[in-house]
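**Q** Take a look at the following structure, please.
Just so you know, all these numbers are worked out from the coordinates, no wet-lab data involved. From a predicted model like this one, the values you see are computed outputs, not experimental measurements. Glycine gets a Cβ as well: all are built from the backbone with ideal geometry, and neighbour counts include every protein chain shown.
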Amino acid sequence: MPIPTPPPPPAPDALHPYAGLTPDTVLDALDAVGLRGDGRMIQLNSYENRVFQVFLEEGAPVVAKFYRPGRWSEAQLDEEHRFALELAEDEVPVVAPLPLVGPASGSHGTLGRHDGFHFAVYPRRGGRAPELEDPATLEWIGRFLGRIHTIGAREGFVARPRLDLESFGLASRDWLLQHDMVPPEVLPAWRDAVDRALESIDERFREAGEVPHLRLHGDCHLGNILWTEQGPHFVDLDDARMGPAVQDLWMLLSGNAEAMATQLFFVLKGYRNFRHFDPRELQLVEALRTLRLLHHSAWLARRWEDPAFPLAFPWFGSSGYWSEQVVRLREQLQAMQEPPLHL
């Protein structure tokens, strides 16, 4: 079934989407929804969107997130907010957007619009990266992921895309080829490695069978899990989409097969307190890792005209980068031929 993609609002500048996002624009946007800044703000680390900690004249500082123009439609952003609020209402520790006054849009009044930008405002939450060497930490995270997926399975996204071979794999390969992103001297080896990897991914998905797709966090890496003495809380549902449950689990795993199996044991020990895990999904771990690898290259290429990207990723586009991708794809091809993780 084709993915619904309603046309997003036009970007202020197709090549420099944040050119108009000045400090005054940020403060004016917040002022329009009843949050008056005192002039102090700190830009936080984010490449896809622009995120600022803004100090207010009254009350605690907030985090303002300005979405990349043209990436998501208003309906897709509204689905992200709805999912976050649904999780928060069920006492899952996610950082959900705050309700806004004035020109707020979306069904929950949490999506602001100002001067060509969509934005959301969040409470400021601190924390550190979790220690994944600790079995108790893995089990704790697993419990909350089980709760997130139980809620995520209640209904599906309509406007947001699915995580699958077509959207993350074929579309990424085709975009890179159509825009001549791979240097000619590396292209034959890269094309061969990509095509073989995509074939293997397809085989792994076929072997797994019809595993359920549900609403996911979608990008559950260490940077999106903040840890305090009270446990984890999850941030940034920007990549929330439909997909298999294991997508939110495999990024917690690292090392050799034995180490990953041990880590997964403790994650699922917590996860299964709230939700059944279908072991067929273990067929997908290395396939999903390979899709992320390919999708990341395409993401960098699609964003290269954004001035922030050449500064942050100066090595991208070199022959050395693409040669390294060939090596990594071949390693993943080998990993996908190995037996899946066994519990």
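**Q** Using the crude model of +1 on Lys and Arg Cβ and -1 on Asp and Glu Cβ, and no other charge, please compute the dipole size for the chain relative to its Cα centre, in debye to 20.
**A** The calculated dipole for the chain is roughly 200 debye.
**Q** Something else: Just going by the charge dipole of the chain, with Lys and Arg at +1 and Asp and Glu at -1 on Cβ, which of LEU44, TRP227, VAL101 is farthest out on the positive end?
**A** TRP227
**Q** Restrict the search to the stretch 230-338; then list the GluC sites (Glu not before Pro) that DSSP places in a loop and that have at most 15 other Cβ atoms within 10 Å of their Cβ.
**A** Answer in residue order: GLU305.
**Q** Which ³J(HN,Hα) values in Hz, rounded to whole numbers, follow from the phi angles of the stretch 65-79 under the Karplus curve 6.51 cos²θ - 1.76 cosθ + 1.60, where θ = phi - 60° and Gly and Pro get x?
**A** 10, 9, 6, 4, x, x, 7, 10, 6, 4, 5, 5, 5, 5, 5
**Q** So, in Å, what gap is there between the alpha-carbon centers of the stretch 276-333 and the stretch 242-271?
**A** Answer, in whole Å: 19.
**Q** Let me ask something else. What ranking of THR150, THR137 emerges when the number of other C-beta atoms within 10 Å of each C-beta is taken as an exposure proxy, fewest first?
**A** Arranged by neighbour count, lowest to highest, THR150, THR137 become THR150, THR137.
**Q** Another question, if that's okay. Under the definition of Cα pairs under 8 Å and six or more residues apart, what whole-number percent is the relative contact order of the chain?
**A** 19
**Q** For the chain, rounded, prolate or oblate, judged on the Cα gyration tensor with a ≥ b ≥ c (square roots of eigenvalues), a/c < 1.5 rounded, else prolate if a/b > b/c?
**A** Taking the square roots of the gyration eigenvalues as a ≥ b ≥ c, the chain is oblate.
**Q** I've got another one for you. Could you list ARG147, ARG328 so that the one with the fewest beta carbons within 10 Å of its beta carbon is first and the one with the most is last?
**A** ARG328, ARG147
**Q** Residue by residue through the stretch 300-313, what is 3J(HN,Hα) from phi via Karplus (6.51 cos²θ - 1.76 cosθ + 1.60, θ = phi - 60°)? Round to whole Hz and write x for glycine and proline.
**A** With the stated coefficients, the stretch 300-313 comes to 4, 5, 5, 9, 5, 6, 6, x, 5, 6, x, 5, 7, 10 Hz.
**Q** Quick one: Cα convex hull volume of the stretch 244-324, Å³ per residue?
**A** Roughly 129 Å³ of hull volume per residue.
**Q** In deg cm²/dmol and to the nearest 500, what is the mean residue ellipticity at 222 nm of the chain if only DSSP H runs of at least 4 residues count, each as -39500 (n - 2.57), divided by the residue total?
**A** Calculated mean residue ellipticity at 222 nm is -12500 deg cm²/dmol.
**Q** Which GluC sites (Glu not before Pro) does the stretch 192-228 hold that lie in a coil by DSSP with at most 10 other beta carbons within 10 Å?
**A** Taking the stretch 192-228 and a limit of 10 other Cβ atoms within 10 Å, the loop GluC sites (Glu not before Pro) found are GLU210.
**Q** Taking the radius of gyration and the Kirkwood hydrodynamic radius from Cα positions alone, what is the Rg/Rh ratio for the stretch 84-144, to two decimal places?
**A** Ratio of gyration radius to Kirkwood radius for the stretch 84-144: 1.13.
**Q** What GluC sites (Glu not before Pro) does the stretch 70-159 have in DSSP loop regions with at most 12 other beta carbons within 10 Å?
**A** Counting only loop positions with at most 12 other Cβ atoms within 10 Å, the GluC sites (Glu not before Pro) in the stretch 70-159 are GLU91, GLU131, GLU133, GLU155.
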